[in-house]
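The structure under discussion appears below in the form of structure tokens.
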Amino acid sequence: LTVPGLMRQHIENANFSAVVKAYRKILVIDKYHFDVELLRYVRTKAGEAAQDARHDLELILADETSSANSLLDAIRDLGELLELLEKEDDLDGSANKGSSGGSTPRSSGQNSSEGVFTIDKHRIRVRNYPPALACLLLQCTHFRSLVEKAISNTETTTERIFRGEGPDGFDSASTGSFGEEKRSSSDNSLLESTASQRSRDKRWKYDVLESRVAATLRSVSLAKSWLPRLLQIGLATLEAEKRQAARRATKKSMPGGGKGSSKNEENKDENDLTVHKVFGSIVTPTLRRLVEHIAFCALGCANQGSKFKLGATFGKSSSDRLQMILKSPLPPTQTAKCALELADLAAAIQESNDSMYSLRPLEDDEDGAKQRAEYKSPLEGCLKMANDAVVMIERRVCIYSFDACARKCSLSASGSGTFDGESLLQCVQKLSEDLKRPEDCSSEVEKGSYLVVQKCCEGLNSYIKDRSDAARLRVVAECNDALNTTIVDVVREVSYLTNDQSDSLDTNLSALISTLETEVFDAFLDSVKRNVASCAKLGLIESTAPGGGNKQDEAMPFPPYLAASFLSIVRCRAQVERALRTATLRRPDSEKVTYQFLALRTASDGVVENICLELRSKLNLISPHKADVFAIHMQFLINTLKKYLSDEVVSLASDTRRMMLSKAGTGGRGIGKGMGNGPEGLTALENLERLGRVYVLCL
């Protein structure tokens, strides 16, 4: 007697499991007890409560805000309740006659009657389907409706922004607002004036771009929340289909050949609607349209040379200026934000696609077994489209990232002469964290790394213009340090990022930097040659009588031109050692040689070569006594600088010395006679080497 009141109470509390449990107790009142009026009244009231509970459960199934767990619970409770109501139909049926179909706690304010729901012009009669399949149809229709609303809202928002209104519909320039209705011919003058005003104020373009980003975020969130929801309902529907198939097989095996099959089973046979058909006819087209919308909002247009076809999902009838903004790529910051969202979308579709294989057709017969073996997920096309969009936008992220890094490194190189390889390394490391398809972006990563290094080299080349040798040595030091440290790290990170798909990157980057390094150092060596040429000057050559001594030579035993020449060589060594220390120059065709050795060789060759050429040019002005002195000087230069002199310069110095000896008329047998002998009995050559020892030590 208390069951009808308990059922009403449970309906108020939305505890439908308890409603089903209480209603099950009523079924003990069978046809043999219908002659008792009180029991018949109790069963009638309980039947009315059961019908109200059924109506509330149908409302839950049709509610787009219900959680997935609530929907699954409602499917279970409604299925059990329908089984109990079917048993009741075998009796008098008086309980069904008492169903009011009126207002219940959940049906109040809802426009539905007898299980018929209209969602975005789609009319669905849920009582023609099993509860799980009905819920799947309702929720899939809601998903389709939400997708269309998302696209429509995005178009409305962009149109409002273009007309000068805010996203909420209020005019950004005045307190008035435009109506929600379409633009009429009487508003053309106002719209033209607004458009001209917005053309002066370019803010609307940035607002449209921001609205595209916001639309992308909302659409990805919609897909991420609804795909798992629909899959859970689909799995529940598949389980219900399996149970019904088992019941049919059991009834067919029983005597009577399955008489008395339920209404839901008959409806199912008539409609022939299954889970995978619902997904193929509703979910797949809707999801494809949603992915196209997300790709259009995030990308605007396909990359140059890409086979990916990207069509506009809204704004086709908009102004040309608005269409241009809608079809333009997003700025770097917004592109990076949308790239993460697209990657999440692809991951969600991938997970759903993997789960779709559990929704394959049942193996009721040979056709079902064949379909199950040849089954292809209806989400395959959507997954491919999402992956293509992810690859495309991540390639843009690579291009934008390396372009910003190239500008930064170029400014640093041209302003302070610094090769900022650390910024390039950080850029690659950040991409390795952000990219989800790095193996598909290997070409962009390799080209971007080369671009950054190229801009650095151009900046360094600009830095050394109209600057001293110290700037050139700084650039050479930066290039050498980059080759030995940062470029090695960059190549390693790129190799990890692209899965060893950039084999030629190391060679290309090294060749680019080595070329600049060699050119700049060669320019420094040319400058060294010019500098030492100005120091290696013999000065005024005074003639003396044959056999006479030169008192000036005795007062200044170490010749000034030799001192100036050695000082220029020592200065060159100090410059190179301070900037490059013991760094070596990369030369693939020979062994590694230090920059210091090359600089000293160039300076030494320049000094000796200039002295020899000047002696040859002034040979007629040199007296035999001076010729003997210069021969000793040449021998001293050869002995001191032989470690650095090239073979050609050594040969030139030896020939010049022989010319001086011939001029002196000694023939090589009286060397040192012009300088005289010291009291300690040292020869002129030994005395010269002793006096120039300080320069030798500096070398």
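The values are calculated or read from the model by the stated rules, or taken from the named source; none is laboratory data. Everything numeric here is computed off the predicted structure, so don't read it as measured data. Cβ sites come from the backbone with ideal geometry, for glycine too, and all protein chains shown count toward neighbours. All accessible areas refer to the heavy atoms of the entire protein, side chains included, with ligands and DNA or RNA removed. Shrake-Rupley method; radii C 1.70, N 1.55, O 1.52, S 1.80 Å.
Figure the gain on full extension for ALA246 and SER358 (residue separation times 0.36 nm, minus the Cα-Cα span) and round it to one decimal in nm.
Working: separation 112, 0.36 × 112 = 40.32 nm, distance 1.80 nm.
Full extension of this stretch gives 38.5 nm more.
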Report summary line: At R0 = 30 Å the Cβ-Cβ FRET efficiency linking LEU340 and GLU422, nearest 0.05, sits at 0.75
Query raised in the report: Under a 1.4 angstrom probe, counting protein chains only, how are LYS25, LYS252 ranked by accessible area, largest first?
Result: LYS252, LYS25
Requested in this report: Determine how large the accessible area of GLU439 is when every protein chain is in place; take a 1.4 Å probe and give Å² rounded to the nearest 10.
Outcome: 80 Å²
Query raised in the report: How would you rank 302-309, 415-422, 608-615, highest first, on the average number of other Cβ atoms within 10 Å across their residues?
Result: 608-615, 415-422, 302-309
Query raised in the report: Using r as the Cβ-Cβ distance of HIS122 and ASP403, and R0 as 41 Å, what FRET efficiency do you calculate, to the nearest 0.05?
Result: 0.30
Query - In nm, spacing of pseudo-spin labels at ASP655 and SER67 (7 Å Cα→C-beta vector) - result: 9.9 nm
Query raised in the report: Considering only protein heavy atoms, what is the solvent-accessible area of LEU383 at a probe of 1.4 Å, reported in Å² to the nearest 10?
Result: 10 Å²
Report summary line: Of the listed links LYS121/LYS327; LYS149/LYS307; LYS87/LYS252; LYS327/LYS384, those spanning more than 24 angstrom between alpha carbons are LYS121/LYS327; LYS149/LYS307
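For ARG571, what charge total do you get from the other residues with a beta carbon under 12 Å from its beta carbon, if Lys and Arg give +1 and Asp and Glu give -1? All intermediate terms of the calculation are to be shown ahead of the outcome.
Numbers: positive: ARG573, ARG578; negative: ASP469, GLU577.
Summing Lys/Arg as +1 and Asp/Glu as -1 gives 0.
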Query raised in the report: Which distance in nm do the two modelled labels at THR594 and GLN232 give, with both placed 7 Å along the Cα-to-Cβ direction?
Result: 7.3 nm
Query raised in the report: With the other protein chains left in place, how much accessible area per residue, in square angstrom, belongs to the stretch 408-548 at a 1.4 angstrom probe?
Result: 47 Å²
Report task. Express in Å², to the nearest 10, the accessible area of GLU37 obtained by rolling a 1.4 Å probe over the protein heavy atoms while all chains stay in place. Result -> 140 Å²
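Report the calculated FRET efficiency for SER152 and ASN531 (r = Cβ-Cβ distance, R0 = 45 Å), to the nearest 0.05. Spell out each step's value before the answer.
Working: r = 77 Å, r/R0 = 1.70.
For SER152 and ASN531, the calculated efficiency is 0.05.
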Query raised in the report: With each pseudo-label sitting 7 Å past Cα toward Cβ, what's the LYS618-ALA214 distance in nm, one decimal?
Result: 8.6 nm
**Report entry** Mean Cβ neighbour count within 10 Å, used as a protection proxy, ranking 339-351, 8-20, 444-456 highest first
**Finding:** 444-456, 339-351, 8-20
